[in-house]
Amino acid sequence: MNLFIEKMRKDLKENEAILAKSKDIKKYLNTLEGSGVEILILKKKIYLIMDGRYIEDAKQRYYNNKNIYILKNDKKTNIEIIKEICKNDKINKLKVEYNAYKIKEYMNLEKLKLELENFDEEFKKIRMIKTKNEIEIIMEACEITDKVFENVINNIKIGMTEREISALVQYYSIKFGASKMSFDPVISSGKRTAYPHARPSDKKIEKNDFIMLDFGIEYRGYQSDMTRMIFIGKPNKKIEEIYNIVLNAQLEAIKNIKIGEKCKNIDKISRDIIKKFGYGDYFVHGLGHGIGINNGDEYPKLNKESEMILQEGMIMSCEPGIYLPNIGGIRIEDDVCIINGKAVSLNKTTKKIIVLENKDEI
């Protein structure tokens, strides 16, 4: 917790405090994640404000930390406690995690008569540069993801449903050390692969089918995200052509992910390759997103508009795709980290066309 707190306090002044409430930030700080916990971070102190459900856990976890104060809100409201702290510690500016507060809660914060500042963007920026330890954890998560994929494809059979494949993904994820999935797995087959975020259905896997597996795990608080295609028998020429275009677009993008590059330029490199082959209208999402504690809400964003500059220690997905209605779609995705200035793919699962031959029917 101390390392991340110091990152958040780096530019914090003596008369300022940070107020956080979301599960994501609590997870990032490795503190209690319960809904009844708020965190008030000052330059040299931390206050954990909570109801009785969390008190004993907090006392045991922080009993030897003299800079963390645990406050129970049984006699006063959180707002009253925050007001008292700010008065005693001469705080006149509060940096607030706006998205974590409902309108009514925010209106109560306004009654404190302090200067309020939206700190949502700062939270994301603080999280986007990963420490060595964070990178190592995400690498381990990617190793588990690779292992899960290998075991799942070894158990796929003709006649199995997409839901059953999803169940295999989730089973092996937990078996190999994940605490949970990063998101609901995207498992689709045949024409349904044209839906970029298709959820598993009762559709059965058929001979000469192709399957999209997009999933990630959560491990020690951090997440992974990988997409691979599987073919039951040799793919037809059209799908093989699309696969190779997407693979080329991904490899070229990864080659250019490095310190100092604009995110939108990386997206353009990949998008231009797909456009060159006439499929530009069928690449319908951004190239990638940040990887960390919350798959859908991390920086950097690799898309057409992003002016963000890539830096050492950033981790992001790289996932170009082509989705043809009534034919099918192809997406290939890796988690990529900038290490020593250049991109390193953290997923080691092959990106060559994976053909499962002679799969028995269930």
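Quick notes on this one:
- Test: residue in segment 309-317 that is without any contact (Cβ under 8 Å) to a residue 60 or more places away in the chain, under 30 Å from residue 122 (Cβ atoms) and in a strand (DSSP E or B): yes
- Residue match in segment 220-242 (condition: out of contact with any Cys (no Cβ under 8 Å at 6 or more places or on another chain), among the hydroxyl-bearing types (Ser, Thr, Tyr) and either open to solvent by 20 Å² or more (accessible area, probe 1.4 Å) or farther than 24 Å from residue 138 by Cα (or both)): no
- Subset of segment 312-341 (residues that are surrounded by 15 or more Cβ atoms within 10 Å (Cβ to Cβ) and over 16 Å from residue 139 (Cα atoms)): 319, 320, 321, 322, 323, 324, 327, 328, 329, 330, 331, 332
- Scanning segment 87-107 for residues that are assigned to a helix (DSSP H, G or I) and under 15 Å from residue 20 (Cα atoms) gives 98, 99, 100, 105, 106.
- Any hit, segment 245-264, residues being at pLDDT 95 or above, within 24 Å of the chain's Cα centre (by Cα), on the phi > 0 side of the Ramachandran plot and not basic (Lys, Arg): yes
- Enumeration of residues in segment 108-139 that are charged (D, E, K, R) and either assigned to a loop (DSSP other than H, G, I, E, B) or farther than 30 Å from residue 346 by Cβ (or both): 110, 111, 113, 115, 117, 130
- When residues of segment 197-209 are limited to those that are of a type outside the set (D, E, K, R) and over 20 Å from residue 145 (Cα atoms), the one most open to solvent (accessible area, probe 1.4 Å): 208
- Picking from residues in segment 10-53 that are of a type outside the set (Lys, Arg) and in a helix (DSSP H, G or I), the one that is nearest to residue 116 (Cα to Cα) is 25.
- Selection of segment 254-303 for residues being touching a Gly at 6+ places or on another chain (Cβ under 7 Å), open to solvent by 70 Å² or more (accessible area, probe 1.4 Å) and assigned to a loop (DSSP other than H, G, I, E, B) yields only 259.
- Matching residues, segment 39-84, being open to solvent by less than 20 Å² (accessible area, probe 1.4 Å) and either touching a residue at least 60 places away in the same chain (Cβ under 8 Å) or of a type in the set (S, T, N, Q) (or both): 82
- Meets criteria (open to solvent by 40 Å² or more (accessible area, probe 1.4 Å), in contact with a strand residue (DSSP E or B) (Cβ under 6 Å, 6 or more places away or on another chain) and closer than 21 Å to residue 14 by Cα) for residue 115: yes
The values are calculated or read from the model by the stated rules, or taken from the named source; none is laboratory data. Note that this is a predicted model, so its numbers are computed, not measured. Every residue, glycine among them, receives a Cβ derived from its backbone with ideal geometry; neighbour counts consider all protein chains shown. What goes into the accessible areas is simple: the full protein's heavy atoms, side chains included, and nothing from ligands, DNA or RNA. Shrake-Rupley method; radii C 1.70, N 1.55, O 1.52, S 1.80 Å.
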